[in-house]
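The structure appears below as structure tokens.
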Amino acid sequence: MKRPHPGSWVRDARRRLARMPSLRMSRVPDAPAQPVRDPWPGDPGRGANLLRGELELMGSTLALKPESADGAGFARLNGSAMLAAAAHGFTWLRDLRALGTDAARMRARALVAEWIARGADDRLAERPDVAGARIAAWLGHYDFFAASADDGFRQRLMARLVADARGLAAALPTEELDARALVAIKGLIAASVALPDHPMFLTRALRVLPQEIGRQVLGDGMHCERSPAQLLAVLQDLTEIRALIQACQTQPPPALAAAIERMAPALRLLRHGDGGLALFNGTREDTAALVDLVLSQAGRAGRAPPALAEGGFHRLQAARTVLIMDCGPPPPAKLDRFSHAGTLSFELSVGRDRMIVNCGAAPAAGPQWRDACRATAAHSTLVIADTNSAELKPDSLGRRPEHVEVSRQESQGAYWLDASHDGWRRPFGAIHRRRLYMAASGEDIRGEDAIEAASPQPYVLRFHLHPSVDASLQQDGEGVLLRLPGGSGWRLRADGARIALEESIYLGGAEPRRAEQVVLTGYQDGPQQVKWAITRLG
């Protein structure tokens, strides 16, 4: 059972006191003093699903209908904690807005009314990041679902907004040390725009914002959770926070602009040629259009850097070929909720075609699927004795690589990368070392994976293929032929291991897809190393 934080009861008491009515807040405004705009696009397909009573998040679904429509309302949510938090956070209002029909507007209004009547009693709904997301979403879509509603609905909505904002101000700084803290701050700043009669909202938010930015955004621009998805989400939040502060006619703190300036190039490093994100640590592809929009809002042009020294990711790019590799240790405790056991895994793309991938993520699914995606075997790297390189816990890691070393060299457009990690030191006394080479043409990638241990270890090396790749085993069994959607042909061959083509699954896109993987099995009594190459044909 999770032990409460020593100061949590104090925060709870402050929050509940803040929600109590007082003479100073006896008058609730009729409407927001000035509009708050949600700048991000919704998905009309997900909006249509909401009309059918299904909330979709990262491939997982939750039944969500007003109880008045014979549905499972907020009082009977049945799904993972992440799905429930998303339901209470209301960011899905942008999907109904994207659908844009009267039915979508009425469903949004009905679900907000349902939440005010029944959902507000759920403790999860009071969590600062959930409350912050809800405040920003309600205000950002007020014109869509509330402006034309009756006076009673709008009065209940505004009263709840004031109460939630007061409770949120009392809860800062949050117990959560990860990206959720910034969502909470964003919600309070949104409230300060719409409710200028409460100047303490902005004062409180600006007091904690610089310290959160300093703690969460690394010097190279990577987010402290080491997840491309979280980097994107935090950059979204920070650009939104900047616009909200400016709407308050207040100067943003210098740390905010500096963080945005660092993060935009870091995000570019983690993009493939199709514009989507590399699949590390709880990340799915995300649409290239959203990444483009976030970078546009950030206002930072320029090329991707070759590496993130603190974030631990390296990018090798030659001609149309891009290789992105995880060369860093997992983040520390309380920042590892999305961490996978994928140290030294890499992804490879050619132009807009992804070739070698990790399997993706299902962070909103049940424990079985979530952990299957987090396992080392779901990544394009080496696995010793079917044991993960980091111990998977429900929302964190236990044993993990403590020392990850990497060196990089470049010469006349060619790259050499040498990295190692000690994730298997405790169970097997073993070190995994991976060496990579990419030619200046981008058409010749070579690697060597080795185990340094006192005694031989059973191991396999996996290369997960994107579902769009057509793979076939050569007749002599010494290689695999790969055909990409763009028409180019490649061959993966190996020395020092048996090569096979096996089934895999891909959860990097909108829905699960069948895929294949190339599996290299080391010889138990042979050398503890495998040499392999991926070369273009013709």
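The values are calculated or read from the model by the stated rules, or taken from the named source; none is laboratory data. These figures come from a predicted structure and were not determined experimentally. In this analysis, Cβ positions are derived from the backbone assuming ideal geometry, glycine residues included, and neighbour counts consider all displayed protein chains.
Here are a few things to note about the model shown:
- Residue satisfying all of: in the range 323-375; farther than 19 Å from Ala510 by Cα and of a type in the set (Lys, Arg); farthest from the chain's Cα centre (by Cα) among these: Lys334
- Annotation note: Cβ proximity below 6 Å between a residue of the range 468-485 that is touching a residue at least 60 places away in the same chain (Cβ under 8 Å) and a residue that is of a type in the set (Asp, Glu) (sequence gap 6+ or interchain) occurs for Leu484/Asp353; Pro485/Asp353.
- Within the range 480-497, being modelled with pLDDT of 95 or more and either of a type in the set (D, E, K, R) or under 13 Å from Gln517 (Cα atoms) (or both) holds for Val480, Leu481, Leu482, Arg483, Arg491, Leu492, Arg493.
- When Leu157 is tested against the conditions (1) modelled with pLDDT of 95 or more; (2) within 25 Å of Leu238 (Cβ to Cβ), the lone failure is (2).
- Among the criteria (1) among the acidic types (Asp, Glu); (2) more than 23 Å from the chain's Cα centre (by Cα); (3) closer than 23 Å to Leu335 by Cβ, the one Glu225 does not fulfil is (2).
- Subset tally (residues that are buried (at least 16 other Cβ atoms within 10 Å of the Cβ) and either within 11 Å of Gln528 (Cα to Cα) or of a type in the set (Ser, Thr, Tyr) (or both)) for the range 409-429: 2
- Of all residues assigned to the range 362-380, none qualifies as being among the charged types (D, E, K, R), over 21 Å from His432 (Cα atoms), modelled with pLDDT of 95 or more and buried (at least 20 other Cβ atoms within 10 Å of the Cβ).
- Unmet criterion (only one of (1) closer than 19 Å to His464 by Cα; (2) surrounded by fewer than 24 Cβ atoms within 10 Å (Cβ to Cβ)) for Pro329: (1)
- Residue within the range 287-310 that is within 25 Å of Gln517 (Cβ to Cβ) and surrounded by 18 or more Cβ atoms within 10 Å (Cβ to Cβ) present: no
- Residues (surrounded by fewer than 23 Cβ atoms within 10 Å (Cβ to Cβ), of a type outside the set (Lys, Arg) and closer than 19 Å to Phe74 by Cα) located in the range 138-156: Phe153
- Across the range 312-348, the number of residues qualifying as under 23 Å from Arg180 (Cα atoms) and out of contact with any helix residue (DSSP H, G or I) (no Cβ under 7 Å at 6 or more places or on another chain) comes to 12.
- Considering (1) within 17 Å of the chain's Cα centre (by Cα); (2) over 18 Å from Ala125 (Cα atoms), the lone condition that Arg180 does not fulfil carries the number (2).
- Among (1) under 30 Å from Asp30 (Cβ atoms); (2) in a loop (DSSP other than H, G, I, E, B) - the single one Glu175 does not satisfy: (1)
- Residue in the range 185-201 that is modelled with pLDDT of 95 or more and under 29 Å from Ala307 (Cβ atoms) present: no
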